[in-house]
Structures are given as C-alpha cells and as structure tokens.
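Working notes for the structure below.
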Amino acid sequence: MDPKARSESVLSCPGWHGKFCDMNTVRQTRQPSNCTPAEYFVLEAAAEERHDYVDGLVVAMAGGTIRHSLVIANCIGEFRSKLRGSPCRVYDSNLKIKARQYRRYRYPDLSIICGQVEIDPDDPTQSTATNPRVLIEITSEATERDDRGAKFQDYVSIASLEEYVIIAQHQPRVETLLRQTDGTWSLSWTEGLPGMVRIRSLNLDISLQELYEGVTFDEPPAEVDAPKNDPQA
C-alpha cells in the first residue's frame, strides 16, 4: 500500500475500522466499584496514580513507556508552537475530561481547549474540564482497543469535541476523526516519514518528523513523499 493520506466517512460508533468495538471491555485493572463521582474526586485527589472513572468503577491507568513519554513531549512542543497567538492551548494528561452524557471521567494524553476552560461544577478540585475541541491519545498495543472503542464512545458524547486524534507509537502513523454536521465522523490518516498531518478543526499542519523526533521504531519506517490531505475534508 502506498502510504498516503486517505479520507472516508464513518458512522459515530466505536471501532471505525469495524474492529476494537467492544464497549463491555475495560482492559485496565478495576478498583473498588459502586463509587460515586463525589467519592471518586476525594480518592483521586489523594491518590499517587491517576484513575479514570467509568460508571462507578475507578480504573487504574496503564503505565507509560519511554517511547510514549517522548511522543507526548514532542506533541506538546509542536502544538504549543503552532497554537501560539491563538486562543487555543494544549494541556497534558493531568487534566481530566468529563464525558457529558455518561458518568465517566477520562485522562486523555493531550487535550486542546480554545477559549476559556469550562470547569466541571461537580468536581470540587476544579481539575476537570468539559469543553475540549481536540482530544489526542498516544496509542499502543495495550491501549488500542480502548482508544478506538470505549474511550472513543465516551469522547464523542462531548458536545464541544470537534476532532479526535490517535497517534501510533510503533510506527509513524496518525489518524484523525473530524465530527461532521450530520453526526458522522470523517477519518483521515497519514503514515510514513516525512509526512504532514492536518488537524482540520484547528487548520494546522503537523510534521510527523517533529512528532516522532528521537523515537526508535522496532522496524525503521520507510521514507515516502509527504501525503496530501483530502481538500474536500
């Protein structure tokens, strides 16, 4: 397959390739259940590790890797530079995000919020935002099922969310899903070095070489011509 950017329209269900679509599976370790959101906020404020909150379950987050940490650092630097002078800011994984239609709180790897941060009034620690424009996950084999399934389903319930981005660790590949006016999501992906991925909701072009700077892949990625994004997207 010639590694070029592609675009297609998909329905707003988890697992946009028809896989990784099991909403009943939570891959991380589950902690005490039947916890109320108020109890979760108290526990989380005192915890040494971060936990998601999924319908009364306090879910311990998987530990990161050196590669994961490096890609996140590269992303923060690249987005911060590209967003300078705009009303949008990039936030790291210490910021919780509330899925409005569910009793769920998540820690995305990165969140981009434009304008004033809207704080969840139910969180007394004021550490939960409700209005991200873009959410980004750095995915791995261990987290891919949730990133494409349960998390995606939670994220699409957020009214302010316009785009969801998944960045692979094991190869230079970035997928973006852009919300359409009819409720479907337009998928575009870019892979290979060099390459440019367009974050359509922000009108930004991001270099894959910058996102993966310093990253060592298990198999050296093939270098290809920079892909062109669909001008109709």
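Brief remarks follow.
- Scanning the stretch 53-72 for residues that are under 17 Å from the mean Cα position of the chain (by Cα) and in a helix (DSSP H, G or I), we see that the one that is nearest to residue 155 (Cα to Cα) is 72.
- Residue match in the stretch 168-177 (condition: acidic (Asp, Glu) and in contact with a strand residue (DSSP E or B) (Cβ under 8 Å, 6 or more places away or on another chain)): yes
- Qualifying residue in the stretch 42-52 (condition: over 15 Å from the mean Cα position of the chain (by Cα), more than 24 Å from residue 157 (Cβ to Cβ), of a type outside the set (Asp, Glu) and modelled with pLDDT of 95 or more): no
- Residue in the stretch 98-120 that is within 22 Å of residue 183 (Cβ to Cβ), in contact with a Phe, Trp or Tyr (Cβ under 6 Å, 6 or more places away or on another chain) and of a type in the set (A, V, I, L, M, F, W, C) present: no
- Single residue of 123, 109, 147, 92 found to be touching a strand residue (DSSP E or B) at 6+ places or on another chain (Cβ under 9 Å) and farther than 28 Å from residue 67 by Cα: 123
- Residue satisfying all of: in the stretch 85-125; β-branched (Val, Ile, Thr) and surrounded by fewer than 21 Cβ atoms within 10 Å (Cβ to Cβ); farthest from residue 199 (Cα to Cα) among these: 125
- Identity of the residue in the stretch 39-84, in contact with a strand residue (DSSP E or B) (Cβ under 7 Å, 6 or more places away or on another chain) and among the hydroxyl-bearing types (Ser, Thr, Tyr), that ends up surrounded by the most Cβ atoms within 10 Å (Cβ to Cβ): 53
- Residues located in the stretch 146-205, provided they are at pLDDT 95 or above, surrounded by 23 or more Cβ atoms within 10 Å (Cβ to Cβ) and of a type in the set (Phe, Trp, Tyr): 164
- Residue count, the stretch 187-217 (criterion: part of a loop (DSSP other than H, G, I, E, B) and in contact with a Leu (Cβ under 9 Å, 6 or more places away or on another chain)): 10
- Residues being without any contact (Cβ under 8 Å) to a residue 12 or more places away in the chain and polar (S, T, N, Q) are represented in the stretch 124-135 by at least one member.
- Of the set (1) at pLDDT below 95; (2) in a helix (DSSP H, G or I); (3) closer than 29 Å to residue 188 by Cβ, all apply to residue 82 but (1).
The values are calculated or read from the model by the stated rules, or taken from the named source; none is laboratory data. Bear in mind that the values here come from a model prediction, so they are computed numbers and not experimental data. Note that we place each Cβ from the backbone using ideal geometry, even for glycine, and neighbour counts take in every protein chain shown.
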